[in-house]
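The structure under discussion appears below in the form of structure tokens.
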Amino acid sequence: MARIGGLGFVTAVLLAGTATGALAQSATPGSTTVLDAVVVDGTRWSDTVQRARERLAAIPGGVAAIGGEEPAARAVPTLSEALALVPGVVVQRFFGGNDQPRVQIRGSGLQQNPVERGILVLRDGLPINRADGSYIVGLANPGQASLIEVYRGYTANRLGASVLGGAINFASPVEAGTSVSAGGGSFGAAEVSARTGFDSDRFAGSFSIDSSRRDGFRRHNGSRRTSVGGTIEAEISDSVTTRAFIGYTDLGFDVSGPLTLSALNADPTQISLGPPTSLGPNVERDRPRREATQFLIGSRTSIVLDDHLFDIGLGYTYTEDMFRFPVSSGVRRTEGGDLTGLLRYAYQPDADALLPLFETTAQYSIGSAERTYNINRAGAGGPAFSRNDLDAKTLSLTAGLNVPVGDAVTLSPSLSYTYATRGNDDLWGTATRPWLGFTPGGPVLSRIPAVDTSYDRSYSGWSPALAASWRPDESNLLFAAISRSFEPPTHDDLLGTMGGTPNSSATGFSTPDLDAQTATTVEIGWRGSYETWNVDAVAYYSWVDDELLSLRDSSGSLLAAVNADRTIHAGLELGVSGEIVQALTGRLAYTFQDFRFDDDPVRGDNRLAGAPRHVVHLALQYAVTEDWDIGAALQWVPAKTPVDNMNTLYADPYAVVDLKTEYRISEAFSLYGAVTNLFDKTYASSTLVLDQAGPGQAVYLPGDGRGFYAGIKARF
């Protein structure tokens with residue numbers, strides 16, 4: 001069992017809501033500095049969502065807010081659906097459901113399989129990440145969020161994230177009334193969600209549950225997720241507001257694995273059988289799967305004393321994670337708890353200002369977990385071959401100013417400091433470990449020497465930033481910024497199995513002595529509107545030192561994580577939305593990524609594997625009548641994507657079209673329908689990320705074929 005101790009202080013997460021009483025735990029700086037004293041429509045609890053959006057938009061850097069722009073096509077939307085129209089956020093589907101899509105911002109954590117670091121993921125401002133920075137992306141639930149806030153790059157420093165990628169906050173509502181949605185469709189999909197809440201004079205609360213399952217497009221492709229949660233908010237006095245929340249998520253999904261290109265084109269629903277059929281895992285035999293549960297509890301208290309805001313929070317998560325990898329890595333079980341404390345102070349003498357004049361935050365996370373490894377013996381847990389006690393601590397401190405220079409210019413200097421420790425006690429205690437090999441004559445179990453895997457690492461670094469913004473009018477903001485990022489490795493980087501093959505278990509562990517990943521980033525941007533059109537554009541260029549790469553060999557088996565020497569991450573993040581003609585609106589999200597090694601002795605100036613160069617999402621929405629909407633969406637990757645860092649193997653370009661519609665029967669009821677992959681395109685939605693690919697290698701992860709979905713929504 002995990003050992004937890006210590007108390008810390010962290011960055012603030014603020015309150016936001018809608019004018020109809022729907023409230024959300026925003027992470028927008030300063031959003032609790034205005035609390036309406038008059039009881040009119042529930043906004044006494046916090047700012048409106050629109051106010052939170054305005055404050056988010058005032059930050060000089062890459063930010064976005066999602067929620068309410070258009071109705072969800074499903075009762076329980078997936079992460080890839082929720083974030084599709086956010087420029088700069090690249091989500092590549094792995095297995096089609098609520099599983100583990102590859103989510104990356106500006107390439108941070110890009111080369112992990114699956115991606116488990118590079119972004120701070122928050123629910124109501126408290127991290128679902130473990131104390132070492134790792135996270136299980138399938139635990140993030142956009143269906144229970146009324147507002148999703150995205151902080152790209154240094155803009156997330158104020159939230160305790162000094163990483164290159166940034167942070168994503170899923171803000172859940174507190175809303176009076178009851179709503180229910182249910183639906184289903186192709187590939188055995190079935191889903192239901194329900195939410196109810198109340199809003200009295202000084203108290204408000206909300207409770208929600210959603211559940212989804214599907215059999216999957218491919219063989220060995222089933223998945224399920226159930227989430228329950230509740231929030232209580234109380235106005236203690238005119239100056240003190242507190243919120244307590246609790247949540248539980250149960251996630252499970254089969255890992256159907258990669259295919260060779262010929263197998264993908266012949267039948268994308270099949271699974272790999274391993275050698276000699278393909279150079280890759282034997283999914284039929286090993287039955288890889290992941291099952292994870294997480295319990296979260298937290299509280300946030302905001303105290304407003306004239307121009308001074310104090311925000312105090314405390315959160316705890318307990319996570320159980322079973323990942324049954326193919327035999328080359330085995331069955332990894334991690335069980336432990338993480339405690340996060342936070343404290344924020346903001347000084348805002350001008351109540352009308354969108355950002356505080358001064359803000360400082362402190363965040364401290366401490367966690368402990370027990371990790372064991374068992375041999376994967378034909379899809380079942382074989383003998384144990386490792387046992388470790390993992391400990392992590394991460395302290396993040398940030399202070400920043402937003403200083404007006406004249407009427408239109410603001411300077412925003414800030415300084416962040418990160419200190420992190422990662423400790424591993426090897427509890428195996430015997431001189432040998434079991435080893436399993438599958439031979440033509442059957443499985444062979446033997447013993448191999450054991451080497452101690454203990455380590456004790458510490459990392460510290462400063463992350464200064466300087467931004468300048470110019471607001472020529474109320475509708476436009478131009479900005480430029482230069483910043484540093486600092487990203488310590490996680491335990492998944494520091495401890496990994498190695499030496500396994502598609503037909504044999506690991507021969508040992510890698511415990512590389514890694515440096516923290518650092519980067520210097522310059523960016524410029526424009527956020528503005530003209531008539532009915534809105535534009536959000538950011539261009540950035542990052543010089544990255546010691547980029548953390550999690551490499552795999554030609555069979556797909558894990559190798560040691562390494563630090564690259566120097567890499568370059570350059571990109572463009574463009575979002576455009578507006579009314580094309582009467583009743584027809586459009587939204588475009590375009591992301592350009594040019595991530596390269598910089599004169600690497602082995603890889604030269606090659607492109608980093610796994611990063612699509614261009615990603616285009618286009619959505620059109622047409623109001624046929626006042627009660628009937630139809631929409632179409634295009635996901636387009638127009639250029640090939642390297643699968644390996646040696647740039648010898650690529651994934652082909654693809655374009656996928658989806659349709660959706662919603663009809664409002666009455667104020668209480670509506671029907672929805674969707675068709676995904678309208679033209680039944682066969683394509684690889686994602687790939688493994690390798691250092692050196694081999695011929696005939698299984699690396700391609702097929703996207704879903706054509707699917708049909710329908711459901712009903714009710715609100716009372």
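Think of the chain as a dipole: +1 on every Lys or Arg Cβ, -1 on every Asp or Glu Cβ, centred on the Cα centre; then among Gly247, Ala408, Leu478, Gly247 lies furthest on the positive end. With all protein chains in place and ligands, DNA and RNA left out, the 1.4 Å accessible area ranks Arg224, Arg74 as Arg224, Arg74, largest first. Computed from label points 7 Å out along Cα-Cβ, the spacing between Glu54 and Asp605 is 4.7 nm. Each part gets one Cα centre, and for the range 635-695 versus the range 180-240 those centres are 26 Å apart.
Sort the range 137-216 into rounded, prolate or oblate with this rule: let a ≥ b ≥ c be the square roots of the eigenvalues of the Cα gyration tensor; rounded if a/c is under 1.5, and if a/c is not under 1.5, prolate when a/b is larger than b/c, oblate otherwise.
Oblate shape, in that a/c is at least 1.5 and b/c is the bigger or equal ratio.
Label separation (Ala714 vs Thr682): 4.3 nm, computed from points 7 Å beyond Cα along the C-beta direction.
Using 0.36 nm per residue, how much length does the chain from Ala244 to Val581 gain when fully extended, once their Cα-Cα distance is taken away?
Numbers: separation 337, 0.36 × 337 = 121.32 nm, distance 4.48 nm.
Residue separation times 0.36 nm, minus the Cα-Cα distance, leaves 116.8 nm.
Could you compute the FRET efficiency for Tyr663 and Trp533, with r as their C-beta to C-beta distance and R0 at 30 Å, rounded to 0.05? Mind showing how you got there, number by number?
Details: r = 28 Å, r/R0 = 0.93.
FRET efficiency, Tyr663 to Trp533: 0.60.
Counting helices only, and only those DSSP H runs with n ≥ 4, report the 222 nm mean residue ellipticity of the chain as the sum of -39,500 (n - 2.57) divided by its residues, in deg cm²/dmol to the nearest 500.
On the way: 5 runs with 27 residues, N = 716.
It lands at -1000 deg cm²/dmol.
Reported to the nearest whole Å, the Cα centre-to-centre distance from the range 373-430 to the range 82-136 is 14. Here the spin labels are modelled as points 7 Å beyond Cα on the Cα-Cβ line, and at Tyr541 and Ala480 they lie 1.2 nm apart.
Look at the dipole of the chain built from charges on Cβ: of Leu620, Thr501, Thr334, the Cα furthest out on the positive end belongs to Thr501.
Counting only Cβ charges, +1 for Lys and Arg and -1 for Asp and Glu, the dipole size of the chain around its Cα centre is about 2000 debye. About the centre of its Cα atoms, the range 407-473 shows a dipole size close to 300 debye [charges on the beta carbon of Lys, Arg (+1) and Asp, Glu (-1) only; nearest 20 debye].
Counting charges near Thr521 (Lys, Arg +1; Asp, Glu -1) among other residues having Cβ under 11 Å from its Cβ returns a value of +2.
Pairs of Cα atoms under 8 Å, at least six residues apart: use those to get the relative contact order of the chain, whole percent.
Values: 2323 pairs, mean separation 93.0, N = 716.
With pairs under 8 Å counted, the relative contact order is 13 percent.
For the range 282-325 versus the range 494-518, the spacing of their alpha-carbon centroids is 26 Å. In the chain, a dipole from Cβ-located charges (positive for Lys and Arg, negative for Asp and Glu) runs towards its positive end, and of Phe679, Gly575, Phe595 it is Phe679 whose Cα lies farthest in that direction. As an equivalent ellipsoid, the range 203-301 spans semi-axes of 46, 12, 11 angstrom, where each value is the square root of five times an eigenvalue of the C-alpha gyration tensor, largest first.
Can you tell me the length gained on complete extension of the stretch Asp513 to Phe295, counting 0.36 nm per residue apart and subtracting the Cα distance?
Working: separation 218, 0.36 × 218 = 78.48 nm, distance 3.22 nm.
Result for the pair: 75.3 nm of gain on full extension.
In the set [x] 38; [y] 66; [z] 33, the label that goes with percent of Cα pairs over 38 Å apart computed for this structure is [z]. Considering all C-alpha pairs of the range 370-527, those separated by over 18 Å amount to 70%.
Taking the Cα centre of the range 361-519 as reference, the dipole from Cβ charges on Lys and Arg (+1) and Asp and Glu (-1) amounts to some 500 debye. With a Förster radius of 60 Å, plug the Cβ-Cβ distance of Asp452 and Asp473 into 1/(1 + (r/R0)^6) and report the FRET value to the nearest 0.05. FRET efficiency, Asp452 to Asp473: 0.40. The Cβ shell under 14 Å around Asp452 holds other residues with a net charge of -2, Lys and Arg each +1, Asp and Glu each -1. Loop-located GluC sites (Glu not before Pro) in the range 612-716 (DSSP state not H, G, I, E or B) with no more than 16 neighbouring Cβ atoms inside 10 Å: Glu626, Glu667.
Tally Lys and Arg at +1 and Asp and Glu at -1 over the other residues with C-beta under 11 Å from the C-beta of Ala583: what net charge comes out?
-3
Length gained on full extension, Val444 to Asp352, computed as 0.36 nm times the residue gap minus the Cα-Cα distance: 25.9 nm.
Of the Cα atoms belonging to the range 516-598, the radius of gyration and Dmax stand at 18.8, 56 Å.
The values are calculated or read from the model by the stated rules, or taken from the named source; none is laboratory data. Note that the coordinates shown come from a computational prediction; the quantities given were computed from them, not determined experimentally. So basically every Cβ, Gly included, is an ideal-geometry build from the backbone, and we count neighbours across all protein chains shown. These area figures cover heavy atoms from the full protein model, side chains too; ligands, DNA and RNA do not enter into them. Shrake-Rupley method; radii C 1.70, N 1.55, O 1.52, S 1.80 Å.
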